[in-house]
Structures are given as C-alpha cells and as structure tokens.
C-alpha cells in the first residue's frame, strides 16, 4: 500500500505525510523523483529517519520521531508551517482514515464514546492540501467497511478526499461516488465491492488504465 | 518641540516616529535613555541617519532615508512589523496632525478636495500603539486651530491621541477634553486658549507640574 | 536595556494563581523545561495552559498536571499523554481542543492585534458545528461541550468557499525555550525547536524566554532574529540540554 | 528540482494582459527592478498591481504607469510619486488605498488560507466607513469610492473593542527581489529589503524571485530561510545592484 501511494507522488511536489501508515511511503519513493516532505511542526524537506543516537533532539517530525533534513530544507514557526498547509501550497497530503464517504468526507480523529485524543494537524491538512490521498486498510478491524455512503463518525473535513489507496485497490472519489482505479493483485471487483459500504463504479477510463483483471 | 517630545520617551521604550517633525526627536534624546526605534518597513532599533555615501541602500527608514541600526537590531517582513504595531507592542508613537479633537480623534492623512496621498502606516500606528503623542504646530498655516472640538477632516483614528506637543505647549486629551500640562516659554494661557478651537482646562495637577507662569 | 534575570524562579515570581500561560514546544523540541520546573516549584495553581500537547512522557507540563496545578488546557493533541487523558476524562481539567493550525493562528492573531479570522479548517466538523466535549462528569458523561461557531462564505481568488470564524488568544504569560537570546530579548531557535515559540511569545503580555545561550545585544545577525526583542520581556540563561 | 530560469524575460513570459500582480519593495529597498523591466518589455497591459507605493522617482513600477500598462493599483501610499498621483487624479487608473499594515496582512492572509480578518485599524475612518475615492472623472469629480466595511465588537484579552473586517488578497503572480535564493526557491533578504516580499510571495499562485545571488540547495542555513521555497515557483539571477 505504501509502495502504491509512493507512485502517486510526482517529481517536484511538496507533500505532507500523516502519522501512521503514510510515514512508510518515503521508503518506496524512486530516487529519480525529488519530493519535498513537509512536517507540520515547522520542517520542510525532511530526509530519512535517523537512529536515536545520531539524532539532533531538535530535529523531529510531527510524530516526534528523530529525522534528518536534506539540502534545501528550512525550519519555520507553527503559524508559518500551517500557512503553507492552509494556504494551498502543499501539493499532496496522505492521511489515514477511520471512514471515507462516497462524497469524499473524511473521518479520522474521533470516535463517540471513546476519549477524543485531539485532531492535531489533520483538519488543517484535509482543508488545505490541494490533493488529499487516504491510505488505509479497506475495512476496519471488526470487518466493517471504512468506505461508506455517509460517515457516521465526526468529520475531519467535508468533501476533501480525492483518492483512496487500500489493501484491496485504488479508488477515486468522483461526483458519482467511488470509482475503482485499480484492483490490488489477486483482488476481484466483487471482493472490493462487498468490502465497500457504498456503490463502486467502474468507468471505462479505469478499465483502460488498469492492468489487473477486473471482475 | 522635538526636544520636548524627546522628554516624553522613557528608558526601555519601543517607539515609532512618524515622518516629518517627529524624525527630529532622536537628536534630543539624552544618552542615558535606551529607546528602541521602530520603522514600519521592518526595522527595529534604528540608529542615526547616515550620509548617502556611507549608506547601505537596503537600510532605510519608513521615509526612505538611509539610516544605520544599533546593537540589538532586527529586520522583519511588513506583516511582522505591523504585528508589532497593531498588537500593542509599541510603547509610543509620535505622529503629526492636521487636526486633533478634544476627544482624541486624529486626522492626519487626507483633505477633501485635495489628492488623497494614502494613509501609509499612520492608521495602524494610531490604532495600535499604547500611547499616541502628536507633535504639531499649534495652528495651521492659515492660522486656523488644529486642536478642535470635533475634527472636520477624515479621521486617522477615533479617540487615539493621549498627548499633544505644540509650539505653544503640551496638552493632554482627557475625558474632560484638552487639559494644559505645560506652556511653552513666554506663552500665556490666554494665547494658548485663543489658539485652540476647543476649551482648554487647567487642572491643579498641571499647575503643580508646570514650572512656567500660567495666565 | 537588559532583560536578563538571574534565575528561572525570578522570571516566574509574579505568575499568580489563575494565570493564563502559553507554553511553547512540540513533542520534546523547544520545550521551556526550566521555566516549567520553576513554575512547579513556585506552586502556582488553577492555571489555564495554552499548548500543543501539554507535556510528553510524563515530563514538561505533565509535571504540572500531576500536581493538579492546571484547571484548563487549550491544546490540539492529547495523543498518548496519559495523565492529560486521565484528567480530561475524570473531569479534573477542562480541555478545549483546536486544530493545530488554528491554535497557532489564534495566538499569532492575538500577538498581531487581529481579533478574529476566518479559516477553512474545521468547517462541517465538530470544530465548526460544536459538540466536542470540554468537561466530563462522573461515568464519562459529558458536562460541557464546544458551541457552534459562525460559518460564512467568502470568495478568495475567485473561489467561493465556507470558512469558520476563530477568535484570537492573548495570554498573561508565555514560557519560551530559545537556543540563543540577547540581552534585549531577541531570540533564535534551532531547527524544529522553533514551532509555537515565536507565536506564543507574541501573544503574551509578558513573554519569558529561557535560552541555552545568552549573548550581548549585537551578537545575533539582525537578518536572522526569529523572535524580535519587542515581544520578549524577560530572559533567563539555562545550560544547553538543561531540563530543570 | 531546479526553479532557476535563464532570464527575467523567461520568468514573466506567461504573464498575460489583465493579470493581478503583487510587487514587493518599499521605497528603493527590495524592489524587483529586473522583473518589472522584463514585464515592461513584454508589453503586458491592463494590469492590477498590488504594491505599497507603486514606484519611486519615476523608477520601478512608475515605468509601467508611464507606459499605461496599469489599470488598477492596490497600495497604501502615493506620497510624492508624481505619475501615480496624476493617473489617479485624471481617472486613468483605479486606486484602492489600504492602511499599510492592512495591506501586508491581507496578502499574508491570502497566502495563509485565511479568508478575512478583523483589525482595529481603520475603524471610524473612511477605511471602515467608506468614501475613499477609487476613481476620478473629469474635473476632479469622484466616479467611484470605497464602500463601508463590516465593523464588529470583539473582546480580546478582556478588552472590548471594535474591529473592521478586511478580506484576503490572492494574486496571479508576485514579483520578488531577494538577496540570495537557492535552486529550490528558498530565499533570504538583506535588511529592509525584506519588507512586503515574503508576504507577497505567499499570496501569489506563481511567485517569481529575482535574486542577487543564486546558490545550490543546501547553501542557505535552514534556520535562516526568510521565504521557504514552497512559496516560490521561479528564480532568476540578477547582478547585485542590477536594476534593469
């Protein structure tokens, strides 16, 4: 999944990777792409994670992990870092999800009845990045669909998600709802559809662009 | 007048001096006071003006005059410079005036029927500085009073002026209108009053604090 | 002009019970450890703390939570901060959760004299619609929750969109950790230790900086001051790496 | 990643008639002389220019005014700028005057995704009340003037006060003069040449930087970048002191 998400990122893009699964993406970035990674605690052009022993305690990412920076990096205040996010200067953000609706609503920060642990920077990223990718398992641990007609959980943002990458495939959010772009190897359209809580359309475009067998 | 205004500035204060008369103030600052001068084009801790030949063309004040900076100086963007102003971080600003009303309204940027040349930073300074001093001739060139009951010119700010220093004396703006603080040497209260377009009160405090003969 | 005080305890000596304090830091970076420790030792109570995450791994602001000095927290993230979560859930503290960018911008606005602003962040979520628990009662019942905020449509750059109104925050004090500060209060920050520190200093009536190195005025390049001295009232020297 | 273009004319080659352009500079400091010259040579017309003072002593943006390329100016100060004054008075250009801090903040807001904000500046003046001439007709008659803006009371830090609502500005392009820029677009400014440049770059869809020195990525200290490369799309090298 992280490898597939890495393919979404284009040379020259400014990208923020949410905590969790998305942090695995850099490992899969091909070296001929120059992607500038942003971290909302005021770091632009993050490099590799580094061993705690080599770490500069002041160079951390938004998950508090020790990191390095690459040539062309800059540090800034939180208000400036979120000016980048909210002002539409990030090309892409990749976020995790609890639920994504067929109209692109994202819920990833709170579950009623459980302790609310705070939204951190997720709402700013959802509202501000030009393209919002979601990277998530296709279904929840209890087997219930995460891709749904309408989110039942509190939203992180309305109509913000552009594309969803799961262990079963890649789906776009369109004005007609979910559209399959790719199926993961060995996954049938039928499996994808039964694992999804809303209709999944199959466009001729997605057929044409899809090397995997469909149906 | 500039010498008298210089006495108003206290050790350790952050001060912005408007263009025109107020720029003469630094010459009269006693050397035992450390005043930090701010210029709205993003300079904090301006020093002396300097000869054009010695000038760094990038170090100018808000009047585009070449200046120096002193130890402890910093440069910043315009938005940050006005954050200092609007956020109440300046202790004092000294501005020129076309009119000041008895309730502290200031008019200093536009005359109906004449070309409006822009307010520049004057409105931000009037709204933002903790203390607004006005430094001006007591009457206009045509002899009409500049200190008036109500401003007839477009305002720079309402109820913003704290103290006025003129060639005739020093007046405070209070809830009772103008109150004389000092008379300039050789100026009688009568002259001050006939030169002022609103009542001028004489408090016992101002009498006590005033070495000049009154009346 | 010399804003340097001898000890951290001198710098926090007038922080009274009930004060509102913005505290810089994100995770372990840029945390004013020594000022927090001095505040703990001073014993001040009923504090309102504005901060991103209110301590980490039991350290920093978590030490004030443990001693029950805090009654209200304005933050963006609780995460795995166990004592913060506990006191929120058991109703001991009131918590107002903000999107992280909104939190930074609210204090930047307070420092810049802006009363309120319209942001796209949080529209059609509980941030704009209200309903985020702010205080829990016995058995996990919700005693108080956030109220709906004004939402308005603006056209910016030709694009029509809805925005939520967020108000500025001004605090009594700010506790700031800098890498270098001069005697006039000018400060610089190393790497991600900058984070909320400059914004929070601007928002406070009295900003107190602990700096790993204190230098004379003129030693910091005027082009590279991250926090101008006009926003800083007090400076205390601490050792690099010193955390209490 | 290399944002450097060979010549200023390459950097402005897609600025079309009718574009809105924010142009940095205050007085003679931080003015993008070479990009303005390239725009002049390109011949682009009907421009809306956002700028503090629209040229000085007949130089900079005044050269575009002289060639009648500008139809609208959003600025804070005309001062002794004779051609600016003339074209405002004779009705050739439309002028919207803003308090200088409001101008900077409107573009900073545009760059930061804030749609609008409440500022104390201009309350109870023609800025808030309306009535500043924006276009003159024959004989000095006023053809159009600013409209009243919303005024609202907020309590900030315990103090109740009235504020006026000001909206963000986003532009198609920004022309920026930097002292040093790297190939990724990170830039620094010397002294008061910074002024509006970082704010204006943020507010533009395409920010073009002319830099007195262009260096490889990594040569600017990451702690001292004044304008992060994420806000910059194009870089052009000019000689220090070069003005056209």
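Within the stretch C:34-53, restricting attention to residues that are assigned to a loop (DSSP other than H, G, I, E, B) and farther than 23 Å from residue C:97 by Cα, the residue that is farthest from the other protein chains (Cβ to nearest Cβ) is C:43. Just so you know, in the stretch D:1-15 the residues that are surrounded by 16 or more Cβ atoms within 10 Å (Cβ to Cβ) and part of a helix (DSSP H, G or I) include one that is farthest from the other protein chains (Cβ to nearest Cβ), and it is D:9.
Out of the residues in the stretch A:86-112 meeting the condition of being surrounded by 20 or more Cβ atoms within 10 Å (Cβ to Cβ), within 14 Å of chain D (Cβ to nearest Cβ) and part of a loop (DSSP other than H, G, I, E, B), tell me which one is nearest to the chain's Cα centre (by Cα). Here the residue is A:90.
Would you mind stating whether residue B:70 is more than 9 Å from chain D (Cβ to nearest Cβ), surrounded by fewer than 24 Cβ atoms within 10 Å (Cβ to Cβ) and in a strand (DSSP E or B)? For residue B:70, the condition - more than 9 Å from chain D (Cβ to nearest Cβ), surrounded by fewer than 24 Cβ atoms within 10 Å (Cβ to Cβ) and in a strand (DSSP E or B) - is met. Does the stretch C:156-203 hold any residues that are part of a helix (DSSP H, G or I) and surrounded by fewer than 24 Cβ atoms within 10 Å (Cβ to Cβ), and which are they? The one that is part of a helix (DSSP H, G or I) and surrounded by fewer than 24 Cβ atoms within 10 Å (Cβ to Cβ): C:191.
Which one is surrounded by the fewest Cβ atoms within 10 Å (Cβ to Cβ) among residues in the stretch B:19-62 that are in a loop (DSSP other than H, G, I, E, B) and in contact with a helix residue (DSSP H, G or I) (Cβ under 7 Å, 6 or more places away or on another chain)? Result: B:56. Here the stretch B:164-184 is the region considered, the condition is being buried (at least 21 other Cβ atoms within 10 Å of the Cβ) and touching a helix residue (DSSP H, G or I) at 6+ places or on another chain (Cβ under 7 Å), and the residue that is nearest to residue D:146 (Cα to Cα) is B:165. Of all residues in the stretch A:73-82, how many are free of Cβ contacts under 8 Å to residues at least 24 places away in the same chain and more than 8 Å from chain C (Cβ to nearest Cβ)? Total meeting the criteria: 0. Just so you know, in the stretch B:113-137 the residues that are assigned to a loop (DSSP other than H, G, I, E, B) and within 7 Å of chain D (Cβ to nearest Cβ) include one that is nearest to residue D:79 (Cα to Cα), and it is B:117. Against the conditions (1) within 7 Å of chain B (Cβ to nearest Cβ); (2) in contact with a helix residue (DSSP H, G or I) (Cβ under 7 Å, 6 or more places away or on another chain), residue D:83 satisfies every one except (1). So is residue D:19 surrounded by 20 or more Cβ atoms within 10 Å (Cβ to Cβ) and in contact (Cβ under 8 Å) with a residue 12 or more places away in the chain or not? Against the criterion (surrounded by 20 or more Cβ atoms within 10 Å (Cβ to Cβ) and in contact (Cβ under 8 Å) with a residue 12 or more places away in the chain), residue D:19 does not qualify. With respect to residue D:31, determine if the residue is buried (at least 22 other Cβ atoms within 10 Å of the Cβ), within 14 Å of chain B (Cβ to nearest Cβ), closer than 21 Å to residue B:39 by Cα and touching a strand residue (DSSP E or B) at 6+ places or on another chain (Cβ under 9 Å). Yes: the conditions hold for residue D:31. Taking the stated definitions as given, is residue C:140 modelled with pLDDT under 95 and either over 22 Å from the mean Cα position of the chain (by Cα) or buried (at least 23 other Cβ atoms within 10 Å of the Cβ) (or both)? Yes. For residue C:201, the conditions (1) touching a helix residue (DSSP H, G or I) at 6+ places or on another chain (Cβ under 8 Å); (2) over 29 Å from residue D:190 (Cα atoms); (3) within 11 Å of chain B (Cβ to nearest Cβ) are fulfilled apart from (2).
Checking each residue in the stretch B:19-64 for being at pLDDT below 90, within 24 Å of residue D:240 (Cα to Cα) and away from chain C (no Cβ under 14 Å) picks out B:49, B:50, B:51, B:52, B:53, B:54, B:55, B:57, B:63, B:64. The requirement of being modelled with pLDDT under 95 and farther than 23 Å from residue A:167 by Cβ is not satisfied by residue A:130. The single condition among (1) buried (at least 21 other Cβ atoms within 10 Å of the Cβ); (2) more than 24 Å from residue B:82 (Cα to Cα) that residue D:127 does not meet is (2). Restricted to the stretch B:1-18, and to residues there that are in contact with a strand residue (DSSP E or B) (Cβ under 9 Å, 6 or more places away or on another chain), away from chain D (no Cβ under 14 Å) and assigned to a loop (DSSP other than H, G, I, E, B), the residue that is farthest from residue C:183 (Cα to Cα) is B:1. Here D:139, D:113, D:158, D:122 are screened, and the one residue that is without any contact (Cβ under 8 Å) to a residue 12 or more places away in the chain and touching a helix residue (DSSP H, G or I) at 6+ places or on another chain (Cβ under 6 Å) is D:113. Inside the stretch D:204-244, residues that are more than 23 Å from residue C:194 (Cα to Cα) and not in a loop (DSSP other than H, G, I, E, B) make up a count of 16.
The values are calculated or read from the model by the stated rules, or taken from the named source; none is laboratory data. Computed from a predicted model, the values in this text were never measured in an experiment. Note: ideal-geometry Cβ built from the backbone for every residue, glycine included; neighbour counts use all protein chains shown.
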